[in-house]
Number of protein chains: 2
Amino acid sequence: MQSDVTDALTSAFFEEWARVGFAALSLERVAKNAGAGKAALYRRWSSKVAMASDLLSKVGLTLFELPDTGSLEADLLAFLLSLRRVLRHRIIQRVTLDLLAEIAREPALERAIRPFQEARRKRVKTVIDRAIARGELPMTIDRETAADFMVSALYWRLVVTGGRSDRRHLKTLARMTAAAISAASR
Amino acid sequence: MQSDVTDALTSAFFEEWARVGFAALSLERVAKNAGAGKAALYRRWSSKVAMASDLLSKVGLTLFELPDTGSLEADLLAFLLSLRRVLRHRIIQRVTLDLLAEIAREPALERAIRPFQEARRKRVKTVIDRAIARGELPMTIDRETAADFMVSALYWRLVVTGGRSDRRHLKTLARMTAAAISAASR
DNA sequence: TTTCGTCGGAACGGTTGCGTTCCACCGCGA
DNA sequence: TCGCGGTGGAACGCAACCGTTCCGACGAAA
């Protein structure tokens with residue numbers, strides 16, 4: 001099969017997803033907007049959910065490694081910069097919002113994004129473990145809740161409220177998150 | 001018009017919304033599940049968006065006043081308890097997720113929930129202002145980002161990840177959030 | 001040059017929900 | 001007792017999209 005057709009269908013799919021939402025997404029329009037026929041689409045994927053699952057699991061969000069900066073706060077800033085790079089994209093914002101709502105009804109989608117969740121979890125865990133190894137954090141820390149803080153504030157600002165995040169905001173965020181995590185021990 | 005029919009249609013609407021999502025929501029099914037005819041529904045509302053807007057703006061989320069407890073952390077705990085009461089409901093979780101995605105496409109919905117956003121913002125602002133008045137926080141604090149922290153972690157845990165939040169978690173959250181906010185000044 | 005697979009495009013029957021209209025029924029106030 | 005308005009329910013024509021099938025065109029490999 002011709003890969004340029006596959007690519008056109010792929011990007012049309014996400015454009016359309018961001019525009020009208022997953023439930024209202026029509027494969028007929030996707031094919032049309034890609035300048036392709038429906039046959040070409042159905043030859044590759046059997047249904048909307050199958051197409052979404054396949055594409056989601058293939059999207060190569062190349063995450064750079066986060067080098068050890070020597071302090072929790074600087075590590076957090078690097079992590080937040082990396083997270084912001086992803087969450088700033090308009091299409092990713094829309095698709096993420098839609099995806100979260102859809103996952104509750106379509107378990108196949110959750111399976112498809114599991115690799116991403118695990119990659120994120122691993123990066124989060126790395127930052128915390130480094131801080132513990134440095135002695136900045138006690139081993140008794142509530143890692144789960146600390147992990148929540150590392151993501152939630154930026155997600156809230158960029159995706160939920162649709163707000164902005166400049167470098168100063170990110171620095172404040174890193175400082176506040178470090179303070180919060182330091183208070184997570186019992 | 002008979003109010004019991006209106007009530008039946010209202011609760012069927014939200015049930016259906018939580019079950020299939022806003023885009024896939026069919027007014028035909030809503031009427032059927034309410035044990036009503038389509039005519040009764042269309043006599044009250046002219047469309048799906050109109051119905052959602054009207055119902056959302058009428059839902060009486062009676063928020064209790066938050067008494068001054070004497071400290072930022074205790075105020076935060078009271079706020080989080082109040083927020084958890086709302087975010088724990090299954091239907092509210094689903095509808096909220098769906099609503100956030102839909103707002104990007106349907107401005108009328110944003111207008112409908114604006115009163116809630118403002119009520120929440122006011123409560124958040126009150127807690128911070130009290131802490132400033134007490135001298136717990138400097139006046140130079142980044143209120144916007146502090147407000148983000150008050151909501152985002154619990155929202156992330158309960159709504160996004162579908163996790164739980166017991167009393168101990170809430171106490172940890174209050175402690176961490178207080179620490180974060182205290183670090184929000186520049 | 002022939003062959004073979006994919007291409008874009010059009011059409012198929014079937015399903016679903018839209019918004020509207022009509023119907024017989026029922027309960028309440030005059 | 002009558003009349004009227006709201007009721008549940010069925011049906012209407014219309015539009016969109018589903019998943020499938022068929023077509024002639026095109027291009028690369030043999």
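How would you classify chain A from its alpha-carbon gyration tensor, with a ≥ b ≥ c the square roots of the eigenvalues: rounded for a/c under 1.5, else prolate if a/b is greater than b/c, otherwise oblate?
On the way: a/c = 2.57, a/b = 2.36, b/c = 1.09.
Judged from the Cα gyration tensor, chain A comes out prolate (a/c at least 1.5, a/b above b/c).
Heavy atoms only, probe 1.4 Å: what % of the accessible area of the protein assembly as shown goes to carbon and sulfur, would you let me know? Numbers along the way, then the final one.
Values: 9670 of 18240 Å².
Heavy-atom surface of the protein assembly as shown belonging to carbon and sulfur, 1.4 Å probe: 53 percent.
In the assembly of identical copies, A:PRO67 has its label point, taken 7 Å from Cα in the direction of the beta carbon, separated from the corresponding points by 5.6 nm (ascending, one decimal). By a 1.4 Å probe calculation restricted to protein chains, B:ARG157 has an accessible surface near 30 Å², given to the nearest 10.
Go ahead and estimate [θ] at 222 nm for the protein assembly as shown from helices alone: -39,500 (n - 2.57) per DSSP H run with n ≥ 4, summed, over the residue count, rounded to 500. All intermediate terms of the calculation are to be shown ahead of the outcome.
Values: 18 runs with 260 residues, N = 372.
One gets -22500 deg cm²/dmol as the mean residue ellipticity at 222 nm.
Based on C-alpha pairs under 8 angstrom that are at least 6 apart in sequence, segment A:66-144 has a relative contact order of 34 percent.
Taking a ≥ b ≥ c as the square roots of the eigenvalues of the Cα gyration tensor, segment A:1-75 is prolate, since a/c reaches 1.5 or more and a/b is larger than b/c. Ordered by solvent-accessible area of protein heavy atoms (1.4 Å probe), largest first, the residues A:MET1, A:MET176 come out as A:MET1, A:MET176. Sorted largest first by accessible area at a 1.4 angstrom probe radius, with every protein chain in place, the residues A:GLU65, B:GLU144 fall in the order A:GLU65, B:GLU144.
Would you work out if the protein assembly as shown is rounded, prolate or oblate? Take a ≥ b ≥ c from the square roots of the eigenvalues of the alpha-carbon gyration tensor; rounded if a/c is under 1.5, else prolate when a/b is larger than b/c, oblate otherwise.
Numbers: a/c = 2.30, a/b = 1.21, b/c = 1.89.
Verdict is oblate for the protein assembly as shown.
With heavy atoms of protein chains only and a 1.4 Å probe, what residues of segment A:96-110 have at least 10 Å² less accessible area in the full set of chains than alone? The answer is A:LEU97, A:ASP98, A:LEU100, A:ALA101, A:ALA104, A:ARG105.
Our coupling estimate for segment B:78-94, obtained by passing each phi through the Karplus curve with A = 6.51, B = -1.76, C = 1.60 and θ = phi - 60°, is 4, 4, 5, 4, 5, 5, 5, 4, 7, 6, 7, 5, 4, 5, 5, 4, 4 Hz, Gly and Pro reported as x.
Legend: residues A:VAL95, B:VAL86, sorted from most to least accessible area (1.4 Å probe; ligands, DNA and RNA excluded), read B:VAL86, A:VAL95. Rounded to the nearest 100, the interface formed by chains B and A buries 3400 square angstrom of accessible surface, both chains summed, with a 1.4 Å probe.
Using C-alpha pairs under 8 Å with a sequence gap of at least 6, the mean separation divided by the residue count of chain B gives a relative contact order of 24 percent. Distances from A:GLY162 to itself in the other copies, using label points 7 Å out along the Cα-Cβ axis, amount to 2.8 nm in increasing order.
So what is the accessible area of the protein assembly as shown per residue, in Å², with the probe set to 1.4 Å? Could you put the intermediate results ahead of the total?
Details: 18240 Å² over 372 residues.
Accessible area per residue: 49 Å².
At a threshold of 50 Å², the residues of segment B:142-166 that become less accessible to a 1.4 Å probe in the full protein assembly than in their chain on its own are B:THR145, B:ASP148, B:PHE149, B:SER152, B:TRP156, B:ARG157.
Just to verify a number: FRET efficiency for A:SER57 and B:VAL20, C-beta to C-beta distance, R0 = 35 Å, to 0.05?
Details: r = 25 Å, r/R0 = 0.71.
My answer for the efficiency is 0.90.
The values are calculated or read from the model by the stated rules, or taken from the named source; none is laboratory data. All figures in this text were calculated on a predicted structure; none of them were measured in a lab. Reconstructed Cβ throughout: ideal geometry from the backbone, glycine too, with neighbour counts over all protein chains shown. With ligands, DNA and RNA removed, areas are computed over all heavy atoms of the protein, side chains included. Shrake-Rupley method; radii C 1.70, N 1.55, O 1.52, S 1.80 Å.
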